[in-house]
1. Let me know the charge dipole size of segment 50-181 about its Cα centre in debye, to the nearest 20, where only the beta-carbon of Lys, Arg (+1) and Asp, Glu (-1) is charged.
2. Please list 44-51, 95-102 highest first by mean number of surrounding beta-carbon atoms within 10 Å per residue.
3. In square angstrom, what is the accessible area per residue of segment 1-109 with a 1.4 angstrom probe?
4. Determine the alpha carbon to alpha carbon distance for each of LYS233/LYS256; LYS230/LYS253; LYS94/LYS177 and list only those over 30 Å.
5. Can you tell me the accessible area per residue over segment 147-199, all protein chains present, probe 1.4 angstrom, in square angstrom?
6. Run the simple label-point estimate for MET25 and THR200 please: 7 Å along Cα→C-beta, distance reported in nm.
7. Can you give the FRET efficiency for ASN96 and LEU180, using 1/(1 + (r/R0)^6), R0 = 30 Å, r = Cβ-Cβ distance, to the nearest 0.05?
8. Average the reciprocal distances over every distinct pair of alpha-carbons in segment 157-225, invert the result, and give the Kirkwood radius in Å.
Amino acid sequence: MKYRDFLQKMIYKIIDPLIKGLFKMGITPNMVTTVGFIGNLIAAGFFIHAAYIMGAVDLDANTVMIGLHEIGWGGAILLLSSLFDMIDGRLARKGNLCSSFGAMWDSTLDRYSELITLFGICLVFLCFQPDPLQFDSSTVGPGEGFWWGVITFTAMVGSIMVSYVRARAEGLGIECKGGLMQRPERVVITAVTTILTGCTENLWWVAGGMAIIALLANITAFWRVAFCYKPLKGKKLKENEVQEEKKAEMKEKKKKKDKESKGKSHQ
């Protein structure tokens with residue numbers, strides 16, 4: 001997508017001086033990836049702690065506000081940590097430090113990062129069950145947290161399946177990177193909506209973000225499957241043609257051998 005390429009170029013212009021500094025200091029891409037993962041763990045910790053205090057039996061308004069602010073801080077840390085995801089790849093390319101293990105390490109920690117952050121948000125919805133007589137759902141957030149927990153879990157499934165379909169397609173020799181809800185979009189939506197939740201003290205922001213990811217991530221996963229259908233079908237037909245050609249060659253060779261053996265027997 002053109003807007004993604006434009007934003008990427010703008011960010012690269014900003015971080016390139018930092019990349020040069022990291023390279024001179026001997027910092028490796030795998031180190032940067034690990035630091036970014038630790039940042040995601042801290043963000044998830046904020047979400048989980050917010051879920052813990054907002055799930056208290058004797059819940060008061062002050063506790064809810066503290067929990068919502070913690071969600072906002074978690075979002076800010078998540079947004080900051082996402083920059084490391086760009087820095088490690090840029091450092092690997094600019095410093096000629098690309099490696100197969102580095103690519104696997106980056107992909108593995110990306111999956112862990114996404115799962116633990118969405119898990120923390122899922123816990124918030126499942127634990128937060130405010131008394132409707134004490135809290136107004138229109139200003140604080142959804143009172144029926146169970147179904148928003150289900151929606152967040154659906155977002156988790158969609159996020160993982162988007163990445164899985166791409167990895168499976170590439171394993172079969174097909175490049176599959178398209179779709180509306182790739183990892184950068186998912187991270188930005190999660191980070192921005194959690195920050196807005198903390199700033200406005202309203203859980204509806206992150207609820208809306210999870211609904212968007214749940215819908216578009218799963219659509220993206222199925223879109224990628226559909227995208228791979230024709231290339232894989234064509235690849236199968238080509239493989240069948242090659243096999244048929246090999247069988248025909250084997251038959252021809254066998255016929256030649258039979259003729260040669262018959263000729264020798266007549267002599």
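1. The calculation lands at about 760 debye.
2. Numbers: 44-51: 22.6, 95-102: 11.9.
Going by the mean number of other Cβ atoms within 10 Å, highest first, we get 44-51, 95-102.
3. Details: 6440 Å² over 109 residues.
That works out to 59 Å² per residue.
4. Working: LYS233/LYS256 35 Å; LYS230/LYS253 35 Å; LYS94/LYS177 22 Å.
In this structure, LYS233/LYS256; LYS230/LYS253 exceed 30 Å between Cα atoms.
5. I get 45 Å² per residue for this part.
6. My value for the distance between the label points is 3.7 nm.
7. Working: r = 33 Å, r/R0 = 1.11.
E between ASN96 and LEU180, to the nearest 0.05, is 0.35.
8. Hydrodynamic radius (Kirkwood, Cα pairs) of segment 157-225 is 12.6 Å.
The values are calculated or read from the model by the stated rules, or taken from the named source; none is laboratory data. Bear in mind that the values here come from a model prediction, so they are computed numbers and not experimental data. Neighbour counts run over all protein chains shown; Cβ positions are idealised from the backbone, glycine included. We work out accessible area using only protein heavy atoms, side chains counted, and drop any ligands, DNA or RNA first. Shrake-Rupley method; radii C 1.70, N 1.55, O 1.52, S 1.80 Å.
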